[in-house]
Amino acid sequence: MPEWKNEIRRQLASLKLEPIREAEIVDELSQHLDDRYAELRAGGSAEDDAYRSALAELSERDLLARELRRLEGPVTREPVILGARRSNMVGDVWLDLRYAVRLLGKNPGFTAVAIITLALGIGANSAIFSLVNAILLRPLAADKPEQLVRVYTGSSHTSFPNYSDLSDSQVFSALAAHSIASFNLGNAEGEGATGRVWGELVTGSYFPALGVPAFIGQAFGMETDGPPGGHPVVVVSHGFWERRFGADAGTLGKTVVLNGHQFTVIGIMPEGFRGTFAFGLTPEVWVPVTMQPVLQQGADRFNDRGREWLEVFGRLQPGVSPSQAQAAIGVIARRLVKDYPDQARGLDRTEIFPMSGIFALRGFSFAPAIFVFLGLLTAIVGLVLLIACANIANLLLARAVTRQKEVAIRLALGASRRRLIRQFLTESMLLALAGGAAGCLLAFWILNALRSFQPNLPVPMEFDLTLDARVLGYTLVVSVMSGVLFGLVPAWHSSKPDIVPLLKDEGGTRGGRSARFGLRNLLVAGQVAVSLVLLICAGLFIRSLQQVHYVRF
């Protein structure tokens, strides 16, 4: 039997390995070459041919060692036969990516199953986050929405006299008030009713405060804040203009009958303008607040300081912070409480907060229900993604069994566990990013389906469900976190095989297999448990939707 150890030591000398580590590698490779030489001789090869073939395999292993040494080994002063050179992070990542792409390309079935599974989890999360974004995070369709603030006067509404007094503050370039209202929509002759329409009663400062010009015509301004009943004009939404007037360019000057009274159309707002109400509420007409006595017969809402029916918002003066505005408005509020202790109760608790975001729902009775609903949806789709990650982790653990010998050889040739874990995580990240891209396509399809769904609601509601930069950024973060979540544990377990038995084709030890199968069983049990919880929640959710379908508003 030829002696291989001297040749192996000569080949490995330039690596300057620790003596114990070098001895282990020499013994392993020598044993492998002995086995290979014996196999070739048994197959009928001559001694010289068998010797050269075995040495050729050693050269191939040297090539693998050279790659590992180049990526992570110490830098030597002289050129070495294994081609070691300085490592650089960009080159390392590029090599990891190339190797991961080749490896995943060789297993198209596994890759397709993993990407589809991740796409389901990530796509559902992106779709639900798009809903959360539309309701709570997306700013108003207004000019410089960061300057808009809501004035919370101890409750969600205040009276017209209190609003008028608060308007004296100099910290706002415009302070406006508005109130939601429904009207009977009549025909042009004023006879009969053709349906109901939802709109807003707004002060003359409403449109100037928002800074949104009309699409056609003009929006009314401060001139409408005159004597009650003196300005029968109306501004309509883009959708109402299309449905009611067929998008006729000559709509300006035509008449709209509200509650039996004729109003002249003077402006049409641009598409996408939804006013200032939260939770997707979409008014279709805007009427001067001074027309309230004409449209809504009953109590005097303009002179009763205790009648709270208006929501107030304003645009801050340039350079004025919300805290400065709250201090200034607080002085007026405390004076009103002192002057009108019965009618202005709670006004001293006036606060100012941003008009967009989660604060936009503050003070509304339905806000807790919305937060709970969105929180539950987010938690449910999060569990779906968790199940998907557990499934992919199980697939990676099963796939690691077929790669044990590859890992053992790389470790025997000097690769560190950290290097192997990084390679495994690179493969996981590629799967996660591919799943995220597919998830975006699935989310786009889900959102299109949601937009086509028209629930039977008493008020018009519309959400801007689009995959904007915020949603795409969220999808990227979820994809990266998923890659780490399902890739780290399999990478950790796969990077510590039993080297000696695997190199001798004896397989791993029983303890390693039992630990791995124990983890896989734990992942399967977790998937079943979470799936059962989701199944129950889905059944209850569908049943609730069925009950709501039969509710008459």
Is it fair to say F129 is over 18 Å from Q317 (Cα atoms), touching a residue at least 24 places away in the same chain (Cβ under 8 Å) and in the same structural domain as E427 (by TED's automatic domain parsing)?
yes
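Across the stretch 288-306, what is the total count of residues that are in contact with a Phe, Trp or Tyr (Cβ under 7 Å, 6 or more places away or on another chain) and not basic (K, R)?
At the first step, the residues of the stretch 288-306 found to be in contact with a Phe, Trp or Tyr (Cβ under 7 Å, 6 or more places away or on another chain) are 288, 295, 301-302, 305.
Subsequent filtering for residues that are not basic (K, R) retains 288, 295, 302.
Residues meeting the conditions: 3.
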So R243 clears everything in (1) in contact (Cβ under 8 Å) with a residue 40 or more places away in the chain; (2) not in a loop (DSSP other than H, G, I, E, B) except one condition, right? Which one?
(1)
Failed item, numbered, when V80 is tested on (1) under 15 Å from A412 (Cβ atoms); (2) in contact with a Lys or Arg (Cβ under 9 Å, 6 or more places away or on another chain); (3) modelled with pLDDT under 75
(1)
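For every residue, the table says whether it meets (1) at pLDDT 75 or above; (2) crowded, with 17+ Cβ neighbours inside 10 Å; (3) assigned to a helix (DSSP H, G or I).
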| residue | (1), (2), (3) |
| --- | --- |
| L17 | no, yes, no |
| E22 | no, yes, yes |
| E39 | yes, no, yes |
| P74 | no, no, no |
Looking at the stretch 161-171 only, could you name the residues that are touching a Ser or Thr at 6+ places or on another chain (Cβ under 9 Å) and not aliphatic (A, V, I, L, M)?
N162, Y163, S167
Using the structure shown, decide if R399 is modelled with pLDDT under 75 and among the basic types (K, R).
no
Selection count, the stretch 486-515, where residues are modelled with pLDDT under 75 and closer than 18 Å to L425 by Cα
4
Counting just the residues of the stretch 278-308 that are surrounded by fewer than 19 Cβ atoms within 10 Å (Cβ to Cβ) and of a type in the set (F, W, Y), which one comes out farthest from P161 (Cα to Cα)?
F279
Just checking, how many residues over the stretch 196-234 are assigned to a loop (DSSP other than H, G, I, E, B) and over 25 Å from P139 (Cα atoms)?
8
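Among the listed residues G190, G253, identify the single one that is more than 24 Å from F277 (Cβ to Cβ), at pLDDT 90 or above and of a type outside the set (D, E).
Working: G190 fails: at pLDDT 90 or above.
Within the list G190, G253, the selection yields G253.
The values are calculated or read from the model by the stated rules, or taken from the named source; none is laboratory data. Keep in mind that this is a model prediction, so the values were computed, not measured. Every residue, glycine among them, receives a Cβ derived from its backbone with ideal geometry; neighbour counts consider all protein chains shown.
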